[in-house]
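Everything on this sheet refers to the single structure shown next.
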Amino acid sequence: MKKSDIYLIVISFSISLLFILWITHSSKPSSMVVIYVEKEEYGRYDLFSDQIIEIEDSNIVVIENGMVYMEEANCTGKDCVHQGTIQYSYQSIVCLPNQINIVIQSKEDTYDSITY
Amino acid sequence: MVKKVTLLSLLCAIAILCSYIEMFIPSPIGLAGVKLGLANSVIVFSIYFLSFKEAYLISIVRVLITSVLFSGLFSFGFSFVGTTFSIIAMYLVNKTNIFSIVGISVVGAIAHNIGQLTVAYFLLENFMIAYYFAILLLSGIITGICIGVLAQILLKRLPIKANNL
């Protein structure tokens, strides 16, 4: 280990930590679950009304008690199912094989921009 | 020549085995992509000892074989871009001689994440994955340090020298 290694680690570590803090702290109270499928907006749902959404065949998204999780997916890896629940804004569940992206947003957020 | 081919295939086999073993280690926070990257210790090691071409060959063969055997062709595109980004970055950083092997490994991990984010962005065309990326980046730095330290131990313990390969 050289001194430059330490600098590199400290700097990159703090940048990514700041990045996470920036995202979480700049979020407004969020109540929208937005699902994107293949780059298109698939639907918007209220985070606080429990519901089950089926995307194509056998991809099941569950909204329950202000939390969202993927109940079932038809991909091979099932990473999205294992990821568990999300509840804060800008958290997302991504299923890349099916190109599904589930994001929690605040109501004011427009389709393709993050407004802070 | 024979010696070299043997060494390259041995390193390949070790890398593939590392990927296989890693499949049994569950991700600590349940996010896909947050993993140790044991196979990278082999790649970091080869960047240090072998030429760019040889190190790149090892990682491409590893990615191809692990995709076909275990994770499916979808992940091939991901790993391919990630590996390419990471190995080019590590090679360039190694040339400058600023960092030790730990620093090189961290740079490789960061570049790997950037490569994968690029693919994800093209697939989803949506910047809402920024949060996901930030977590991947943070975990990548931590695992990059671990792998770098591991590679450093390897370098010390293995009785080989760069000039007789």
* **Value of Rg to Rh for the protein assembly as shown (Rh from inverse mean 1/r over Cα pairs, i.e. Kirkwood)** => 1.02
* Could you work out how far apart the two model spin labels at A:Lys78 and B:Leu158 are, taking each label as a point 7 Å from the Cα in the direction of the beta carbon, and quote it in nm? => 3.7
* Structure fact -> The relative contact order of chain B, taking Cα pairs under 8 Å that sit 6 or more residues apart, comes to a percentage of 26
* Structure fact -> Under the 7 Å Cα-to-Cβ spin-label approximation, A:Ser4 and A:Met67 lie apart by a distance in nanometres of 4.6
* Within a Cβ distance under 12 Å of B:Leu10, other residues only, what is the Lys/Arg minus Asp/Glu net charge? -> +2
* To do: Can you run the Rg to Rh ratio on chain A? Use alpha carbon positions and the Kirkwood inverse-distance Rh.
  => 1.08
* **Approximate spin-label separation B:Phe70-B:Lys3, in nm, with each point projected 7 Å along Cα-to-Cβ** => 3.2
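Using the scaling law 2.2 N^0.38 Å as the reference, what is the normalised Cα Rg of chain B?
My calculation over the Cα atoms of chain B gives 1.01.
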* Taking the Cβ of each residue in B:Ser19, B:Ser100 as the centre, tally the other Cβ atoms inside 10 Å and list the residues starting with the fewest. => B:Ser100, B:Ser19
* So what's the gap between the Cα centers of the range A:37-86 and the range B:57-136, to the nearest angstrom? -> 27
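We did not get these values from a lab; they are worked out from the coordinates using the rules stated. This structure is a prediction, so every number in the text was calculated from the model and none was measured. Cβ sites come from the backbone with ideal geometry, for glycine too, and all protein chains shown count toward neighbours.
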